1. Would you calculate the volume per residue, in Å³, of the smallest convex hull containing every Cα atom of the protein assembly as shown?
2. 5 Å is the cut-off here: which amide hydrogens, built 1.01 Å from N in the peptide plane, fall below it relative to A:THR183, excluding neighbours closer than 5 in sequence?
3. What ranking do A:168-174, A:105-111, A:21-27 get when scored by the average of other Cβ atoms within 10 Å per residue, highest first?
4. Partner chain Cβ atoms within 10 Å, averaged over the residues of A:127-135 - can you pull that number for me?
5. At what distance in nm do the modelled label points of B:ARG58 and A:LYS41 sit from each other, each positioned 7 Å from its Cα along Cα→Cβ?
6. Lys and Arg at +1, Asp and Glu at -1: add these up for the other residues within a Cβ distance under 11 Å of B:VAL53 and post the number.
7. Can you tell me how much longer the chain between A:ARG229 and A:ARG201 gets when fully stretched, taken as 0.36 nm per residue apart minus their C-alpha distance, in nm with one decimal?
8. Other chains' Cβ within 10 Å of A:231-241 residues: what's the mean?
Amino acid sequence: MSEEIEAMEEEETKLKPPESGDPFNETEDVIYRRRSVRFYKKKQVPEYLVRRILEAGRFAPSAGNAQAWKFIVFQDQKMIEDMTEDVINVCKRVMKFTDYIDSGIKWKEWNAKLAMRFMSNMFHPIPFGAMKLIAEGKLGVWHGAPTVILFLTDMRCPGNPVLDIGIAGQNMVLTAHSYGLGTCWVSFCTPLGMLPRWKKRLGIRYPYKLVTSIAVGYPRGNPDGYVSRETQAIDWFVEDGTCKVVY
Amino acid sequence: MPEYLTRKDKRKIESYSRLGEDMILGEVVIDRDRCNGCGLCVGACAASAIEMVDKKARMVEDFPACISCGDCVAICPEDAIKMTTFIEFKRYFRYIDRGKPEPPRKF
């Protein structure tokens, strides 16, 4: 084993930081060009590629090196369809009570406002809009991707295990995009962790918690590319102790 | 210095059904002459805000829930799409500490 690592280390070259204004290197390019993909080819992703993507997740940093993740890979289209159907049903049920957009029914609006107050992340207008689209069948859950990877976290792990899932997931997503594959983060899978049918079938029970999922597949067209994005204010305490704001 | 929400903001949560007042949705402009009707942007849209009419793409007229993710801009093979308005909320969910949109920068 150590011989193998030595051989790999001999191959590697020392990395150098770029000069100011240099073009993006390969890693930066993958990061900046990554776009969520919602339009996939039917062609299945070969097993070795999925294994390589999972391997990138395995080597992600985690709190106390506790590796708080468990991955479930789905390549069975029937199963993905079943899960999609159940997610749609859950969305429909939620919309029945909280659909305030052009329903004109006052009590639904009250429900939605109440939900926004107590679950302001879930009932943020953006996921709410997506939930409505899913319930109406206008938006797919996994967008017809041939491979779905579910992320479970071990809740006994140190620190914030849900954060570790995010780190591992981003490693995997960037790796997939460097192969020319497409991915999309889908957190609408979380209702499956509450349905007894799926809890039993997928083994989602303590200490495991279903956190999120990604869809993986070959994209149609060429979705990766640069776009504009809002800048965020960064407070920067410079060496003399004063604070400047950069964008 | 950072912006904050006040307690009053926390109490006042709107239902976000009044477009233009409580919520400003994202907007893209599609160049109809350049559009070749491939339909990639319709599939790429995260909010089903683009539809095909007469083999040309256009934004959905009623409630285009565009989140200005830029997926359509990136996927368009003819570079016919441009983002003009970015999504914005008022009151509780308003974005704070944001600057102007920029493409990836080399410093």
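Bear in mind that the values in this text are calculations on the coordinates, not laboratory data. The structure displayed is predicted, hence computed values, not measured ones. Here the Cβ is made from the backbone with ideal geometry for all residues, glycine too, and neighbour counts use every protein chain on show.
1. Numbers: hull volume 69.5 nm³, N = 354.
Dividing the Cα hull volume of the protein assembly as shown by its residue count gives 196 Å³.
2. A:VAL37
3. Numbers: A:168-174: 21.0, A:105-111: 13.7, A:21-27: 10.3.
Highest-to-lowest ranking by the protection proxy: A:168-174, A:105-111, A:21-27.
4. Values: counts 0, 2, 11, 5, 0, 2, 5, 1, 0.
Shielding by partners across A:127-135 averages 3.
5. With each label placed 7 Å out from Cα toward Cβ, I get 3.3 nm.
6. Details: positive: B:ARG32, B:LYS55, B:LYS56, B:ARG58; negative: B:GLU51, B:ASP54, B:GLU61.
Here the charged neighbours net out to +1.
7. Numbers: separation 28, 0.36 × 28 = 10.08 nm, distance 4.06 nm.
Here the answer is 6.0 nm.
8. Numbers: counts 7, 5, 7, 2, 3, 0, 0, 0, 0, 0, 0.
Going residue by residue through A:231-241 and averaging, the value is 2.
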